[in-house]
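The values are calculated or read from the model by the stated rules, or taken from the named source; none is laboratory data. Quantities reported herein were computed from a predicted structural model and do not represent experimental measurements. Every residue, glycine among them, receives a Cβ derived from its backbone with ideal geometry; neighbour counts consider all protein chains shown. With ligands, DNA and RNA removed, areas are computed over all heavy atoms of the protein, side chains included. Shrake-Rupley method; radii C 1.70, N 1.55, O 1.52, S 1.80 Å.
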Amino acid sequence: MALPASGTYLNSIRESSRRARLGAQISITDESIERLLLSDSFTSSFQSVSKSQGLVMPLKFSSHLAELNVISVLSLLNFASGFRVPLHNATGRGAWDSIRALVLGMYIVSTAGEGDLLSAKGMRTVDVTKIAEFMRVSVHVEKPHAEIPGITVGTLGGPMYELCKLISNVLTETGEVLVNSGYPDLGSFVVEALEEGAKVKGTKDDADVEVILERLVRAIPGFRDMAVVNDEPIYCFKKALFLINGVRVRFGSMSPPLFPIPSTSGLPIFSDNVIPSMLVHFGVIDLTSSTVFGSIFPNAGSATAVPLLLGAAGDEAVPTGQREEGPVLSKDQSFILRGAAIDACEMIVQRARLVDEFAADRADELSWIKGIELSELDAWLWQIAKDRADYRQLARFVDQDTVFF
C-alpha cells in the first residue's frame, strides 16, 4: 500500500477518513453534535478531565532523552485494546495500563545493569517469554493429553500468548530497523525527526508536524497504521500522532525546551477503539443506515440510552465483575469506524466554534467551548470512558489482529 505524498499526511488522514465514513453511509448530524456539546456530561467534565495522556510517570529518569525514549516505545506499543477483557481477567489492568507497566518494567530492569532492553539492540532480543514475565501473564493453556485420559498438559496458546507475540514482533522489528539505520534507540530517532521538523516550522500551517509524521511512518513499520478498504486508502497513523502530541504534553512546558516542540493544535485525533465506540454510544456516530455495520452495538444511540449517558455522572453503584467483550469487527470495519471517528471529531470541533449561534441563551456560560482543540477532545473522550463507572461498562469494539490500537 502506498504512503501519502510527501507533505500531505495530515490532509490524507482527514480526507480518507471522510470518504470512508460517507462510503459506509455512516451519519453524523449537527443536532447530534450539539446535543453532546451542550450535555451535562460534556460541560461538567471537559475542562477538568486530565489531558496528560497518562504520560506523567512515577519514575526519576536518568536523562530527558531516556524519558523521551520511554515515551517513544510506549507510543509504539500503544495497542492491545482488543485484549482489554482478557487482560483485565488476567491482571486486573486494561490495555493501556498493562502496556505502560510493561515499558516501565523494562526501563527499570535496564537501569539495574541487566542490559538495556529499550535500546535498539536490546529491543531485538525481547522474546515472548520476556514479555510474559514483565506482564506477569501466562502464555500457556491447559489441554487434555492426547493419549492419557484425565491428564492435561500446558501448551503455548491463548489470548495472552497472542498478545505477547504481537508485542515481541513489533519490538524486534523496530529494533532491527533502528540498528540497521545506525540509531542507538527509538528516542534518538525521534529527536532527529523533531529537529528536522523544526527547520520548516512556521513556513506553513503544521509544516513541522508533516515532516515529523512522515519520518516516523516511513521509517518504522509499527507506525504504518493504514489500509485499503473497497479500493480506497484509509490513513489513521494513531500511534505516531499520539507520540507527536506526547512530546508536547510532556516537554512543552519546560523552559527552555529540551527538544523542538511540535505545534499539535491541528492534529487529527488518535483513533483507537474507545473513541469510535463512545461516539456511537453518545449518538454522534449513527450506524443504523450503514449496511457495513447494521446493529453491531444493540441499543447504542437510542432515544432512551443517549439522554442517560449524556447526563451528569451519578453516584449509583455499577455492577462489578468480569467485563464482557464488545462486538468483534473485521479489519475493514475497524478502519472504517476509526475513520468515521476522525471525521466526527473534526465536525465536533468545527461545530463548537458556532456555539454562540446554536446556544445563544447560554453564550457567555459556554464561550469556552469555541476554543476546544482536537487533541483535547480526544483526551476527554478517552479519559471519560475510563473515569465514569457507567461508561466503563459500555461495549467497545474488538480487533485482536492489529498492532495499531
* Asked: Going by the conditions given, is Ile151 modelled with pLDDT of 95 or more and either farther than 24 Å from Ala66 by Cα or surrounded by 15 or more Cβ atoms within 10 Å (Cβ to Cβ) (or both)?
  -> no
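Look through Ser16, Ser45, Ser6 and report the one residue that is within 15 Å of Leu309 (Cβ to Cβ) and polar (S, T, N, Q).
Ser45
From the list Ser32, Ser52, Ser39, which residue is open to solvent by less than 40 Å² (accessible area, probe 1.4 Å) and touching a strand residue (DSSP E or B) at 6+ places or on another chain (Cβ under 9 Å)? Give the steps one after another, and end with the answer.
On the way: Ser52 fails: touching a strand residue (DSSP E or B) at 6+ places or on another chain (Cβ under 9 Å); Ser39 fails: touching a strand residue (DSSP E or B) at 6+ places or on another chain (Cβ under 9 Å).
So the residue among Ser32, Ser52, Ser39 that is open to solvent by less than 40 Å² (accessible area, probe 1.4 Å) and touching a strand residue (DSSP E or B) at 6+ places or on another chain (Cβ under 9 Å) is Ser32.
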* Asked: Which residue pairs have Cβ atoms under 6 Å apart, sit 6 or more places apart or on different chains, and have a first residue in segment 36-56 that is over 12 Å from Ile369 (Cα atoms) and a second that is of a type in the set (Phe, Trp, Tyr) and open to solvent by less than 50 Å² (accessible area, probe 1.4 Å)?
  -> Val49/Trp380
* Can you name the condition, by its number, that Leu65 falls short on among (1) under 30 Å from Val128 (Cβ atoms); (2) free of Cβ contacts under 8 Å to residues at least 60 places away in the same chain? -> (2)
* Exclusive hit being over 29 Å from Pro184 (Cα atoms), in contact with a Gly (Cβ under 8 Å, 6 or more places away or on another chain) and open to solvent by 20 Å² or more (accessible area, probe 1.4 Å), set Arg84, Arg100 -> Arg84
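Starting from residues that are hydroxyl-bearing (Ser, Thr, Tyr), open to solvent by less than 20 Å² (accessible area, probe 1.4 Å) and not in a helix (DSSP H, G or I), keep the ones in segment 261-316 and report whichever is farthest from Glu195 (Cα to Cα).
Step one: list which residues in segment 261-316 are hydroxyl-bearing (Ser, Thr, Tyr), which gives 263-265, 271, 277, 288-291, 295, 302, 304.
Going one step further and asking which of them are open to solvent by less than 20 Å² (accessible area, probe 1.4 Å), we end up with 264, 271, 277, 290.
Now restrict to residues that are not in a helix (DSSP H, G or I): 264, 271, 290.
Numbers: Thr264: 15, Ser271: 26, Ser290: 44 Å.
Among those that are hydroxyl-bearing (Ser, Thr, Tyr), open to solvent by less than 20 Å² (accessible area, probe 1.4 Å) and not in a helix (DSSP H, G or I), it is Ser290.
In segment 72-113, which residues are in a loop (DSSP other than H, G, I, E, B), of a type in the set (Gly, Ala, Ser) and farther than 18 Å from Asp127 by Cα? Walk me through how you get there before you give the answer.
Narrowing segment 72-113 to residues in a loop (DSSP other than H, G, I, E, B): 77-80, 92-94, 112-113.
Those still in the list that are of a type in the set (Gly, Ala, Ser) too: 80, 92, 94, 112-113.
Gly92, Gly94, Ala112, Gly113 - these are the residues of segment 72-113 that are in a loop (DSSP other than H, G, I, E, B), of a type in the set (Gly, Ala, Ser) and farther than 18 Å from Asp127 by Cα.
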* Asp116 fails exactly one of the following numbered conditions: (1) open to solvent by less than 20 Å² (accessible area, probe 1.4 Å); (2) of a type outside the set (A, V, I, L, M); (3) not in a helix (DSSP H, G or I). What is the number of that condition? -> (1)
* segment 228-252 - residue that is surrounded by fewer than 21 Cβ atoms within 10 Å (Cβ to Cβ) and touching a strand residue (DSSP E or B) at 6+ places or on another chain (Cβ under 9 Å) and, of those, nearest to Ser375 (Cα to Cα) -> Pro233
* For Ala227, work out the one condition from (1) assigned to a helix (DSSP H, G or I); (2) modelled with pLDDT of 95 or more it doesn't fulfil. => (1)
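Would it be correct to say that Arg35 is farther than 30 Å from Leu258 by Cβ and under 22 Å from the mean Cα position of the chain (by Cα)?
Numbers: farther than 30 Å from Leu258 by Cβ: yes; under 22 Å from the mean Cα position of the chain (by Cα): no.
Taking the combined requirement at face value, the residue does not satisfy it.
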* Asked: Consider Asn69 against the criteria (1) outside any helix (DSSP H, G or I); (2) crowded, with 17+ Cβ neighbours inside 10 Å: it satisfies all of them except one. Which criterion is unmet?
  -> (1)
* Asked: Looking at (1) open to solvent by 20 Å² or more (accessible area, probe 1.4 Å); (2) modelled with pLDDT of 95 or more; (3) not aromatic (Phe, Trp, Tyr), can you tell me which one Ile13 breaks?
  -> (1)
* Asked: Any idea which of (1) crowded, with 21+ Cβ neighbours inside 10 Å; (2) more than 17 Å from Ile13 (Cα to Cα); (3) of a type in the set (A, V, I, L, M, F, W, C) is the one Val179 doesn't satisfy?
  -> (1)
* To do: Would you check which residues across segment 166-176 are over 16 Å from Phe79 (Cα atoms) and open to solvent by 60 Å² or more (accessible area, probe 1.4 Å) and list them?
  => Glu176
* Asked: Which condition does Leu55 not pass, out of (1) within 23 Å of Val398 (Cβ to Cβ); (2) touching a Lys or Arg at 6+ places or on another chain (Cβ under 6 Å); (3) assigned to a loop (DSSP other than H, G, I, E, B), if it passes all the others?
  -> (1)
